[in-house]
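Every number in this text was worked out from the coordinates using simple rules, so none of it is lab data. Source: prediction; values computed, not measured. Glycine gets a Cβ as well: all are built from the backbone with ideal geometry, and neighbour counts include every protein chain shown.
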Amino acid sequence: AKELGRNNVQFFSEDMNRSILEHLSWEQEINDALTANQFTLAYQPKISLRDYHTTGVEALIRWHHPEKGFVSPDRFIPVAEETGQILAIGRWVLERSCTEMRALLQSGALPENARIAVNLSARQFAAPDLETVISQVLQESGLSPSNLELEITESTLMLDVESAIATMASLQAIGVRFAIDDFGTGYSSLAYLKRLPIEVLKVDRSFVLDIPDDTNDMAITAAVIAMAHKLGIIVVAEGVESEDQVNFLRNNLCDEGQGYLFSRPLTLQQLQLFLREAQTA
Ligand code: C2E
Ligand code: CA
Ligand code: CA
Ligand code: CA
């Protein structure tokens, strides 16, 4: 047993040791964050490129760590995905966003048909109780299913297309909509796009970034918009930061834009102000 112990020590290189320890501490920190209410939500408006009204919002998680300060979701979501903590986090995001946005819908701050978009991770999407969770959250929050949009990345959908289709169909039956996120970064086949019950396609920011300089990106973006429209799918461009991008997207009949040009992700209070100002503008 002694020898084995020594071998084990050698087996764990210093690098691995460090990354495992780091991982364990992240896991603990995430647990603390959940119990100590360190998470909040930000909401980023999605804007109609026809008349510039707000068609909906995307809920984005924020973590204000007492010592580390702001921790990016790109940093901790992958860890939570690996540890399984994403299930608890994801449920919290659903509950909070549905409750907060239902209030804005009721007060008339958001249009009746607004889409409240929530990101679902691969693990959440594959969870056997997903439909139960969604039904419960809708019931508890009072949000109408038609106001809920679930954003699923192209790569998550492509992990297991057949079961993705089945999962989406069962949720679609209760009235929930789906958006395919980060489109263009994965390997989805166009044939599948036709079979998946998708209402919205989000063109990944990497394609929007270099408009109007990169002619390839522009050709791809224009083609994706045209193809999606042929399939009856709404197109949202991510990461819109400039007027030039808006002009190009409008010329190519892109439906909606989301990005810093229109608004950064906002706190609930800021969002209420944003919507009020837009109404009086
Ligand atoms: P995403 O779903 O692609 O979200 C869009 C990201 O782009 C957000 O980053 C948003 O703040 C950022 N963004 C929006 N407009 C612009 C722009 O004009 N320029 C630039 N440079 N960036 C823009 P954020 O909030 O840091 O989130 C990063 C990623 O973390 C998200 O990418 C998503 O994959 C994940 N994430 C965030 N919240 C959640 C959540 O509640 N659940 C899950 N599962 N994942 C989440
Ligand atoms: Ca998203
Ligand atoms: Ca995205
Ligand atoms: Ca992304």
TODO: Using Cα pairs closer than 8 Å and at least 6 residues apart in sequence, work out the relative contact order for the chain, in percent.
DONE: 18
TODO: Hey, can you grab everything whose amide H is under 5 Å from the amide H of ARG115? Only 5+ residues off in sequence or another chain; H modelled, so Pro and N-termini drop out.
DONE: GLY56, VAL57
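For segment 31-72, what's the relative contact order in percent, using C-alpha pairs closer than 8 Å and at least 6 residues apart? Don't jump to the answer; show the numbers that get you there.
Values: 55 pairs, mean separation 14.9, N = 42.
Worked out over segment 31-72, it gives 35 percent.
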Open item on the list: Please compute the Kirkwood hydrodynamic radius of the chain from all pairs of different C-alpha atoms, in Å with one decimal.
Closed with: 20.3
TODO: Working from the alpha-carbon coordinates of segment 103-226, get Rg over Rh, Rh being the Kirkwood radius.
DONE: 1.01
TODO: Take peptides 229-237, 267-275 and line them up by average Cβ neighbours within 10 Å, highest first, as a rough protection proxy.
DONE: 229-237, 267-275
Open item on the list: Let me see the P(r) profile for segment 168-248: every Cα-Cα distance counted, bins of 10 Å, each bin given as a percent of all pairs.
Closed with: 18, 49, 25, 8, 0
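Could you state the orientation-averaged shadow area of the convex hull built on the Cα atoms of segment 207-259, in nm² to one decimal?
On the way: hull surface 12.0 nm².
Reported value for the Cα convex hull: 3.0 nm².
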- [ ] Would you mind computing, in nm to one decimal, how far apart the modelled labels at ILE174 and LEU24 are, each placed 7 Å from Cα along Cα→Cβ?
- [x] 3.9
- [ ] Apply the Karplus parameterisation 6.51 cos²θ - 1.76 cosθ + 1.60, with θ equal to phi minus 60°, to every residue of segment 256-265 and state each ³J(HN,Hα) to the nearest whole Hz, in sequence, with x for glycine and proline.
- [x] 9, x, 9, x, 4, 4, 8, 5, 6, x
